[in-house]
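The values are calculated or read from the model by the stated rules, or taken from the named source; none is laboratory data. Since the structure is predicted, the reported quantities are computational estimates derived from the model, not experimental observations. Glycine also receives a Cβ, built like all others from the backbone with ideal geometry; neighbour counts cover every protein chain displayed. Surface areas here come from the heavy atoms of the whole protein model, side chains and all, with no ligands, DNA or RNA. Shrake-Rupley method; radii C 1.70, N 1.55, O 1.52, S 1.80 Å.
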Amino acid sequence: MHISEGVLKPEIIIPASILSVSLAVYLIYKLKPYQIPKIACMSAIFFVASFIHIPIGATSVHLILSGFVGAVLGVDAFLAIFIGLLLQAVFFAYGGISVLGVNAIIIGFPAILAIVFVRLFSKNKNIIFLFLAGFVPILLSSFLLSLVLVLNGDEFIAIAKLAFVANSVLSIIEGIIAFFGLQFIYKVNKDILK
């Protein structure tokens, strides 16, 4: 779900970078020392999950687990994802430094929504919300990815459609993973999800 270096226009990259870095700096500023290990663990989960590729037809997608990260961290998920994307760009050339802001917005903003589904689950114990915590962020990220590609130029419309379809399949897989992972956490130590 990463957009690579050299694809996007500066009109998209610059505002996204300003917004993304500003939010990351704000989250670091308000960060409490006891939150650091939890954010680091979720950033590591996000980082490692991206190496698990799933073939879908003529293409493949990789796990993201942004919904899972968002369910555990809430707003701080953006920071964990930003750090994970930065490390991927530096060490493995996934995405890139110039598009870090765009990728962080595409993946990080929807991740924050997962906490809403965890809270809904906590109130009425309907397990569908655990699935939605993983499903909705990836589906929304797929939409944002496609939107950014379309805004970048008409020549990217076909790629945007393919990316949306492939990542829509991924959203179902991620929903299932979040369902089982969050259900397990809720049974073992539900305080992690607060």
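Nearest 0.05, what FRET efficiency do residue 35 and residue 172 give at R0 = 22 Å with Cβ-Cβ as r?
Here the calculated transfer efficiency is 0.10.
Mean residue ellipticity at 222 nm, helices only, the chain: -24500 deg cm²/dmol; runs of at least 4 DSSP H residues each add -39,500 (n - 2.57), and the sum is divided by the number of residues. Find which of 157, 126, 77 sits farthest along the positive direction of the dipole of the stretch 45-178, computed with +1 on the beta-carbon of Lys and Arg, -1 on that of Asp and Glu, about the Cα centre. After comparing all options, I get 126. For the chain, the share of accessible area belonging to carbon and sulfur comes to 75 percent (1.4 Å probe, ligands and nucleic acids excluded). Electrostatic bookkeeping for residue 80 treats Lys and Arg as +1 and Asp and Glu as -1; over the other residues with beta carbon under 15 Å from its beta carbon, the sum is +2.
Inter-label distance, residue 51 to residue 90: 1.7 nm, where each label sits 7 Å from its Cα along the C-beta direction.
Here are some pairs, 30/187; 38/190; 123/187; 30/190; which of them have Cα atoms lying more than 19 Å apart in this structure?
30/187; 30/190
Working from label points 7 Å from Cα in the Cα-to-Cβ sense, the residue 59 to residue 11 distance is 2.4 nm. Placing a label point 7 Å from the Cα of residue 25 along the Cα-to-Cβ direction, the residues of the stretch 63-77 whose backbone N falls under 20 Å from that point are 76-77. Using the Cβ-Cβ distance between residue 128 and residue 97 with R0 set to 45 Å, the FRET efficiency works out to roughly 0.70.
Suppose all protein chains stay in the model; what accessible area per residue would a 1.4 Å probe give for the chain, in Å²?
On the way: 9500 Å² over 194 residues.
Per-residue accessible area for the chain comes out at 49 Å².
Working from label points 7 Å from Cα in the Cα-to-Cβ sense, the residue 150 to residue 44 distance is 4.0 nm. For the chain, the Cβ-based charge dipole about the Cα centre amounts to some 860 debye (Lys, Arg positive; Asp, Glu negative; other atoms uncharged).
Semi-axes of the equivalent ellipsoid of the chain are 26, 20, 14 Å, computed as sqrt(5λ) over the eigenvalues of the C-alpha gyration tensor in descending order.
Going by alpha carbons, how many degrees (0 to 90, nearest 10) lie between the helix axis of 10-29 and the longest principal axis of the chain? Value to nearest ten degrees: 30.
How do the peptides 51-57, 176-182 rank, highest first, by the average count of neighbouring beta carbon atoms within 10 Å per residue?
Values: 51-57: 11.1, 176-182: 20.0.
Packing order, densest peptide first, comes out as 176-182, 51-57.
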